[in-house]
Amino acid sequence: MLWRPLSSSGPSAASASLLPSSTGISEVSACPAEASTGSPDRAPNASSDEVDRADDEFEAFLLELLAEAAVTIPELGTRRAVVPPIPVLTSNRTRELHDALKRRCLYQWIAHPDADRVAAIIRLRVPEAEGWLAERVARSVRRLRGFDLAKPPGVAEAIDWAAALHVLGVRELDEDAVRHTLSAVVKYEEDRAVVEAGGRWW
């Protein structure tokens, strides 16, 4: 899930001006716009990943950043970004975000990639793995996601599983190979029981 704030400011706005003048770093040189775009006049992209894992106080903190490109610190006063960044917030829906935050954002759902895309990612991240292994892992993970699991495997688990199979020198994805590496892709004991009862899925 991706939230793109309607305002042109965001979490990294804080880093533009949190440092007091005694640090010797000017607001312009501390602004992430100059570092990420090469120009202090162009708005950079700023991301806050998995904002749903933050506490309620951090969400309240974000509201000022999103609305004002500023942050208020009791000891320093209100500091503003020289160039307000364009922020992107991501969420895995481990909890619901507050309506006040969502109202300031445009919503975009990012679905899990299809098997071909996952295979391409595996080949990129585990280049030493053979092509057939990347494809089999991607399709097997896709089938696993069809089970009623507490934690369906994602791309990260697919990458880990492919790497484990490669390190073990697996030449065929059979029952023995799956049994020895299942913990790389299934992370809960109750999920393991569901998978083992589900028959051949690889």
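Bear in mind that the values in this text are calculations on the coordinates, not laboratory data. All of these numbers come straight from a predicted model, not from anything done at the bench. Please note: Cβ atoms are built from the backbone with ideal geometry, for glycine as well, and neighbour counts cover all protein chains shown.
Backbone geometry of the range 61-72 corresponds, through the Karplus equation with coefficients 6.51, -1.76 and 1.60 at θ = phi - 60°, to 3J(HN,Hα) couplings of 4, 5, 4, 5, 4, 6, 7, 10, 6, 8, 9, 9 Hz, x marking Gly and Pro. Treating r as the C-beta distance of F147 and V167 and R0 as 30 Å, the FRET efficiency rounds to 0.70.
Neighbours of R123, meaning other residues whose beta-carbon lies under 12 angstrom from its beta-carbon, give a summed charge of -2 when Lys and Arg score +1 and Asp and Glu score -1. Annotation for the range 65-169: chymotrypsin sites (Phe, Trp or Tyr not before Pro) lying in DSSP loop with at most 10 further Cβ atoms inside 10 Å of their Cβ are W109. Full extension of the segment from D52 to E130, taken as 0.36 nm per residue of separation minus the current Cα-Cα distance, would add 24.4 nm. For R80 and R179, a Förster radius of 41 Å and the Cβ-Cβ distance give a FRET efficiency of 0.10, rounded to the nearest 0.05. Placing R0 at 30 angstrom, the Cβ-Cβ distance between N92 and E189 gives a FRET efficiency of 0.85 after rounding to 0.05. Cα centroids of the range 161-202 and the range 45-101: 40 Å apart.
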